[in-house]
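Worksheet: one structure, shown below.
The values are calculated or read from the model by the stated rules, or taken from the named source; none is laboratory data. Quick caveat: nothing in here was measured; it's all calculated off a predicted structure. When we count neighbours, we look across all protein chains shown, and the Cβ atoms used for this are built from the backbone with ideal geometry, even at glycine. For accessibility, only protein heavy atoms count, side chains too; no ligands or nucleic acids. Shrake-Rupley method; radii C 1.70, N 1.55, O 1.52, S 1.80 Å.
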Amino acid sequence: FPPEVLAAYKDERLDVRDLGEGNGLSFNAVLKIVVANAENLKKIEPEFEYVAKMIEKIQAVENADESSDELFLETFSSIDAATQCVYGVLKDTKNKRVTVVFRGSTDFSTRDWQTNLSAQLEGMKTPKLLKDGLEGELKKRVLVHRGFYEYIFDNKRAKGDQRYDMILNDIKPFVEEGYKIYVTGHSLGAALASLLAFKLAGSDKSWIPKPVTCISYASPFVGTDGFRTAFTLLEQMGHIRYLRVNNDADTVPTIPPFSLGWKKRLYKHVGINLRLYDDSFILSHPNSNGWGFVNAVRNSVFKPVWSVLTYHSLQTHEDRMDAQKER
């Protein structure tokens, strides 16, 4: 890509919703662009082999029905990426899904790592649909990881709209056409996906369909016990479906174990956990009988830190899930 094109997307967002007769930029077209620029991408993308593998999977989906495209890119927002989170919006016309995808942490040229390390507590307003079902302070707020919360909802360094408001504007036209909402991300992106899904699922906005579905990969802790209580209530109400996928030996999902600052609180995981091993997997939920202590041990920070790059990588998640499909 010409340098001037790449430079433009530091301050401009990619919006291709008007292409393809209003469907967006088909993934077949995206794949052709990637393949045509493969040699250049290999120079700047250290995990290009993994990218190539994902391309093959997408091509298999598209080639299953050559009569029409099914997967489309709608928007990609990397405006002011040095201080704001990066996300994209995809559309699946076959399954009627609009998916928000958050990027994980990159290098130290962005605010990503400052966000990860800002583990103080932040009071997040309790979603309106939950207030009648909760007690005490939880009626007003739940406590969550400050860095993750601010990155999407209250970024003081944002130029213009907050990412949350941008996402609402991006997905609303498709939801009004009958599309369901899916959210996903890896690592930092998984934490942001968790908070967005929670916010959308508890919203009383009439145009947001329920349930909201979130599938996260290698998510760090996001909130305290009160957040888990509110999240579980959303599950019981049928407003959210959440699958949290992680490799057993990955250290990232075990941090931060407690909040920073004067008031220390333990962080807690939420949702159904798909824990992957080399040759097996386990499904569990924080509220499942008998799993509380076991899950606490599994989520402890005592993991092989020296191999975090292997077990935290999205490729390892994909490889292990693929292996289970073949059994």
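Residue selection: Phe102 satisfies the criterion of being surrounded by 15 or more Cβ atoms within 10 Å (Cβ to Cβ), closer than 25 Å to Pro253 by Cβ, among the aromatic types (Phe, Trp, Tyr) and at pLDDT 95 or above. The single condition among (1) open to solvent by 60 Å² or more (accessible area, probe 1.4 Å); (2) within 21 Å of the chain's Cα centre (by Cα) that Lys94 does not satisfy is (2). Could you tell me which residue of the stretch 56-84 is least open to solvent (accessible area, probe 1.4 Å), considering only residues that are modelled with pLDDT of 90 or more, hydrophobic (A, V, I, L, M, F, W, C) and in contact with a helix residue (DSSP H, G or I) (Cβ under 9 Å, 6 or more places away or on another chain)? Among them, the one singled out is Phe72. Only one entry in Val30, Val35 is without any contact (Cβ under 8 Å) to a residue 60 or more places away in the chain and farther than 28 Å from Ile152 by Cβ, namely Val35. Across the stretch 217-254, the qualifying residues are those that are small (Gly, Ala, Ser) and modelled with pLDDT under 95, and the one among them that is most open to solvent (accessible area, probe 1.4 Å) is Ala249.
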